[in-house]
Amino acid sequence: MRTSLLLLTLLLLPFNFLKAQAPPDPGDRLIGVWEPSHGKARVKIEKIGTKYYGKIVWLREPNDATTGAPKVDKNNPDEALRSVPLRGYRLLKDFSYTGTDEWAEGTIYDPENGSTYSCVITLKDANTLDIRGYIGVKALGRTDVWKRLQAK
């Protein structure tokens, strides 16, 4: 029994080595914490399965000025979601890497007006994203520049 276990371990060892040497997925360059140009929030982009998602992880003003309670998604068109806290809210959804420093086929939600838009993300350099939200055609949209926050 001991010999069989040792033999199995020795046979599987090369496969673990090859797995460790696999090149990183170039689409994973999107992963990190980013700050939109308005500076009111920070968004953590992560990979779940084969798609990329972004959620709010920090707000400059995390609490409502009148109630003192955490800010919620008060502009959501779905009344049932208007009490969901903004911190932790997933506003980037379902992005796929296209192979050309671009992630597409996803959506972006704007909590300031409660609207969801088609979206394309373009990596301009290692620390800069162009986030383009649009309705229907990319030409009819708006681009925001997000900056990567460096780990301290």
Which of (1) farther than 15 Å from P111 by Cβ; (2) surrounded by 14 or more Cβ atoms within 10 Å (Cβ to Cβ) is the odd one out, the single condition K55 does not satisfy? (1)
Within segment 134-152, take every residue that is within 18 Å of G39 (Cα to Cα) and modelled with pLDDT of 95 or more and give me the one that is farthest from the chain's Cα centre (by Cα). R142
For the structure I just gave you, tell me whether K93 is modelled with pLDDT under 95, surrounded by 13 or more Cβ atoms within 10 Å (Cβ to Cβ) and over 17 Å from G39 (Cα atoms). no
Step by step: first the residues of segment 82-94, then only those that are part of a loop (DSSP other than H, G, I, E, B) and either touching a helix residue (DSSP H, G or I) at 6+ places or on another chain (Cβ under 8 Å) or among the hydrophobic types (A, V, I, L, M, F, W, C) (or both), then the one that is nearest to L129 (Cα to Cα). Which residue is that? L86
Somewhere in segment 64-81, is a residue charged (D, E, K, R) and under 26 Å from R29 (Cβ atoms)? no
Given the conditions (1) under 18 Å from Y52 (Cβ atoms); (2) among the basic types (K, R); (3) without any contact (Cβ under 8 Å) to a residue 40 or more places away in the chain; (4) in contact with a Ser or Thr (Cβ under 9 Å, 6 or more places away or on another chain), which single one is not true for K124? (4)
Could you check, for segment 104-123, whether at least one of its residues is of a type in the set (D, E, K, R) and either within 16 Å of W34 (Cβ to Cβ) or under 15 Å from the mean Cα position of the chain (by Cα) (or both)? yes
Can you tell me how many residues within segment 95-113 are under 8 Å from Y52 (Cβ atoms) and either not in a strand (DSSP E or B) or not polar (S, T, N, Q) (or both)? 4
Mind checking whether some residue in segment 118-126 is under 26 Å from R29 (Cα atoms), touching a Gly at 6+ places or on another chain (Cβ under 8 Å) and among the hydroxyl-bearing types (S, T, Y)? yes
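The values are calculated or read from the model by the stated rules, or taken from the named source; none is laboratory data. Keep in mind that what you see is a predicted model, and the values were worked out from it rather than measured. Reconstructed Cβ throughout: ideal geometry from the backbone, glycine too, with neighbour counts over all protein chains shown.
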